[in-house]
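S.K.: I am attaching a structure below and will ask some questions about it afterwards.
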Amino acid sequence: MSSFTMHPEFRLHGFSFSGKSELLPFVKKQFPSHYSFLSDLFDDKDYIIAKTSGSTGQPKPIRIPKKHLINSAEKTIKFFDLQPGTKVLLNLSSDFIAGKMMWVRALIGGWNLEVVLPENRYINNILQQKSFDFGAMVPLQMSANLNNIHKISKLIVGGGVVSKALQKKIIDLPNQIFATYGMTETITHIAVKPLNSTAEQNFYSDDSLKGFYQCLEGISISVDERDCLMITAKDIAENTIVTNDIVQIKDEKHFKWLGRYDNIINSGGIKLIPEEIEKKLASYIPVNFFIAGFPDEKLGQKLVLIVEAKQLRSIDFEQILSKYEIPKQIIFIDNMFLTSSGKINRNKVLESILKNNTFENC
């Protein structure tokens with residue numbers, strides 16, 4: 001017998017189902033790309049197999065108990081107060097955890113779910129016709145659908161950093177837009193923060209918390225000796241999860257993401273966090289770029305700016321950055337490699353540059 005059951009008020013494109021025997025054939029015919037996950041969700045095993053995002057390496061499969069999926073879904077439902085009958089848009093692939101969890105939340109929450117393919121033309125078409133109470137997007141989807149994302153009352157965004165330029169475009173939209181923090185191992189997000197003014201209203205208990213992620217109920221956080229985030233939540237993970245994300249912890253419920261430990265540059269004994277430098281430069285560079293460390297005989301690593309362009313307009317780095325953060329070199333490339341979720345694949349870009357050894361000095 002299946003260890004997973006659906007809420008009696010669950011609807012899919014307005015249709016109700018007596019159980020998996022009705023739902024699965026419908027999904028197989030209408031939404032075949034989602035059938036494999038739904039079939040696994042309703043089978044007799046007490047776990048599913050998911051794969052990591054691959055943002056820092058090759059995607060790898062991990063086993064997730066279905067009870068953890070349910071517990072995670074309940075946290076989101078409670079945090080955003082999403083009652084049965086909530087109208088929800090699913091425009092994510094169920095190959096990854098974000099898409100899987102939208103199904104789980106909808107099924108146990110009794111939501112009215114509408115499914116479209118992840119491509120922007122399908123998202124654009126449905127948002128022109130309908131409004132929704134809740135939805136989830138990656139930054140690339142949000143950027144491509146700026147004229148219509150206000151049609152989703154509460155929108156969560158994950159799978160990549162929302163740039164300052166994009167945040168400026170959404171800051172005054174009338175709906176609530178939130179960034180999420182999470183990964184496959186945490187069964188999608190364990191914390192959220194407002195991205196626009198509407199979402200920020202009444203969110204923080206005091207102004208000193210602005211810009212910090214707030215953890216969902218039942219999540220405990222701490223840092224290790226590297227200042228990397230550690231997450232404890234027995235109802236979604238058997239063991240404490242140690243991440244490679246450098247964070248600043250404000251209190252037991254709030255933290256600020258600073259960057260990846262993997263990306264730290266040690267230049268002449270000075271440790272630099274690329275993501276912090278990238279934030280400072282984001283308003284001045286209108287194309288894809290990132291900061292990296294290249295081998296250097298004197299410094300060990302030298303700080304390099306990699307830009308997806310033929311050239312870059314003049315930037316007064318000394319006015320924007322500290323003396324240690326100023327790039328020693330600028331490398332121009334034709335195309336950035338991206339992951340399947342739209343993040344810059346830093347490792348692949350660096351491998352290509354070093355392999356071809358075709359770059360231009362500052």
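S.K.: DSSP beta bridges in region 146-240, what fraction antiparallel, as a percent rounded to 5?
M.R.: Taking every DSSP beta bridge within region 146-240, about 75 percent pair in antiparallel fashion.
S.K.: Taking only pairs that are 8 or more places apart or on different chains, how many Lys pairs in region 242-323 have Cα atoms under 18 angstrom apart?
M.R.: Pairs that pass both the separation and distance tests number 11.
S.K.: Work from the charge dipole of the chain (Cβ charges, +1 for Lys and Arg, -1 for Asp and Glu, about the Cα centre) and give the residue of F17, N175, V223 farthest towards its positive end.
M.R.: Among F17, N175, V223, the one farthest towards the positive end of the dipole of the chain is F17.
S.K.: Using the crude model of +1 on Lys and Arg Cβ and -1 on Asp and Glu Cβ, and no other charge, please compute the dipole size for the chain relative to its Cα centre, in debye to 20.
M.R.: 640 debye
S.K.: At a Förster distance of 25 Å, what's the computed FRET efficiency of D251 paired with D81, Cβ-Cβ distance as r, to 0.05?
M.R.: About 0.60, to the nearest 0.05.
S.K.: Let me check I've understood the local charge: for S93, count other residues with C-beta under 13 angstrom from its C-beta, Lys and Arg +1, Asp and Glu -1. What total comes out?
M.R.: 0
S.K.: Can you compute 3J(HN,Hα) from phi for each residue in region 200-210, using the Karplus curve 6.51 cos²θ - 1.76 cosθ + 1.60 with θ = phi - 60°, rounded to whole Hz and x for Gly and Pro?
M.R.: Karplus values, whole Hz, x for Gly and Pro: 6, 4, 6, 7, 8, 6, 8, 5, 5, 8, 4.
S.K.: A follow-up question, please. Choose one of L107, F26, T240: the residue whose Cα lies farthest towards the positive end of the charge dipole of region 11-260 (beta-carbon charges +1 Lys, Arg; -1 Asp, Glu; about the Cα centre).
M.R.: Value: F26.
S.K.: How high is the FRET efficiency between S39 and N356 when r is their beta carbon distance and R₀ equals 51 Å, given to the nearest 0.05?
M.R.: Computed FRET efficiency for S39 and N356 comes out at 0.70.
S.K.: Can you grab the distance from the C-alpha centre of region 141-176 to the C-alpha centre of region 62-79, Å, no decimals?
M.R.: Value for the Cα centre distance between the two parts: 25 Å.
S.K.: Based only on the alpha carbon positions, what is the Kirkwood hydrodynamic radius of region 47-180, in angstrom?
M.R.: 15.5 Å
S.K.: As I understand it, the value is the acute angle between the Cα axis of helix 346-356 and the longest principal axis of the Cα atoms of the chain; what does it come to in degrees, rounded to 10?
M.R.: 50 degrees
S.K.: So how strong a dipole does region 264-356 carry about its Cα centre when Lys and Arg Cβ are +1 and Asp and Glu Cβ are -1, to the nearest 20 debye?
M.R.: 80 debye
S.K.: State the Cα centre-to-centre distance between region 182-256 and region 261-275 in whole Å.
M.R.: Between the Cα centres of region 182-256 and region 261-275 lies a distance of 23 Å.
S.K.: Here's another thing I want to ask about it. Using Cβ counts within 10 Å as a stand-in for footprinting exposure, how do R121, R346 rank, fewest first?
M.R.: With the fewest neighbours first, R121, R346 line up as R121, R346.
S.K.: Okay, moving on. How far is it, in nm, from the label point at N125 to the one at Q30 when both lie 7 Å from their Cα along the line to the Cβ?
M.R.: With each label placed 7 Å out from Cα toward Cβ, I get 1.6 nm.
S.K.: Which percentage, to the nearest 5, of the DSSP beta bridges contained in the chain is antiparallel?
M.R.: Rounded to the nearest five, the antiparallel share is 65 percent.
S.K.: Any idea what the relative contact order of the chain is, in percent, if you count C-alpha pairs under 8 Å spaced at least 6 apart?
M.R.: Across the chain, relative contact order equals 11 percent.
S.K.: Another one. Can you sort K310, K51 by how many other beta carbons sit within 10 Å, fewest first?
M.R.: Least to most surrounded, the residues fall as K310, K51.
S.K.: Further question on the same structure: For the chain, what does -39500 (n - 2.57) per DSSP helix run (n ≥ 4), summed and divided by total residues, give at 222 nm, in deg cm²/dmol to the nearest 500?
M.R.: -7500 deg cm²/dmol
S.K.: On to the next question. Starting with the fewest neighbours, write out S18, S314 ranked by other beta-carbon atoms found within 10 Å of each beta-carbon.
M.R.: In increasing order of surrounding Cβ atoms, one gets S314, S18.
Bear in mind that the values in this text are calculations on the coordinates, not laboratory data. Note that this is a predicted model, so its numbers are computed, not measured. Note that each Cβ is placed from the backbone with ideal geometry, even for glycine, and that neighbours are counted across all protein chains shown.
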